[in-house]
Amino acid sequence: DPGPQEVEATLGYAEERAVVLSAFAFPLGPVAMEASSGGGQSELPGLPLPAPVEVLVTDSLGNGVPDVPVFFSVDGDATLESGEVVTDLDGVARVGVTLGTALGPYTVVAEVPDSLTANNTPLAGSPVEFTVAAVAFSAAPVAGLLVGDTVTLDGTGFHPVPDSNVVTLD
């Protein structure tokens, strides 16, 4: 595993003669990229998504690779915190997304250019695409609701996956 490594050696039973050898193991070069989290989110138009979108860049042993530049882009009038993000010590690159004013899906793309990899070969899984959505709805007030009651909301712009349409009423 990458990170600090230590080995302690002693001569016989004489602990006072112990020697500790320290080293730091670095991950191998990046070979793959995959979605880590953040896809499938939805929010009102013009607002930031609740969580960033994240990708994981790994070496051939599955270890996260730090310091790899990942380039993010988004379609429509949505915006990103940054177009280029460097992976952290765990190999994760994350970026915040603010949705545009139009209802419906937006596509966020993360990629590592071939020129940044060994032998100018693409990373397996690159580019990674995330679908997020700007949604809105309206509902007529319903009299006599109690905690735990179920209400059906009609509208436009709902996420196509029903479990992604979570609504909290105050």
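Can you spot a residue in region 52-59 that is closer than 16 Å to Ser37 by Cα, acidic (Asp, Glu), in contact with a strand residue (DSSP E or B) (Cβ under 7 Å, 6 or more places away or on another chain) and open to solvent by 50 Å² or more (accessible area, probe 1.4 Å)? No, because not a single residue in region 52-59 is closer than 16 Å to Ser37 by Cα, acidic (Asp, Glu), in contact with a strand residue (DSSP E or B) (Cβ under 7 Å, 6 or more places away or on another chain) and open to solvent by 50 Å² or more (accessible area, probe 1.4 Å).
Counting the residues of region 110-140 that are of a type in the set (Gly, Ala, Ser) and either surrounded by 16 or more Cβ atoms within 10 Å (Cβ to Cβ) or modelled with pLDDT of 75 or more (or both) gives 7. Out of all the residues in region 84-101, which are under 18 Å from Gly38 (Cβ atoms), assigned to a loop (DSSP other than H, G, I, E, B) and more than 14 Å from the chain's Cα centre (by Cα)? Answer for region 84-101, where residues must be under 18 Å from Gly38 (Cβ atoms), assigned to a loop (DSSP other than H, G, I, E, B) and more than 14 Å from the chain's Cα centre (by Cα): Leu99, Gly100. Of all residues in region 60-95, those being open to solvent by less than 50 Å² (accessible area, probe 1.4 Å) and of a type in the set (S, T, N, Q) number 3.
Considering region 1-38, the residues that are modelled with pLDDT under 75, small (Gly, Ala, Ser) and part of a strand (DSSP E or B) include one that is farthest from Gly91 (Cα to Cα), namely Ala14.
The values are calculated or read from the model by the stated rules, or taken from the named source; none is laboratory data. Being a predicted model, the structure only gives us computed values, none of them experimental. Please note: Cβ atoms are built from the backbone with ideal geometry, for glycine as well, and neighbour counts cover all protein chains shown. These accessible areas exclude ligands, DNA and RNA; they are computed on the full protein's heavy atoms, side chains included. Shrake-Rupley method; radii C 1.70, N 1.55, O 1.52, S 1.80 Å.
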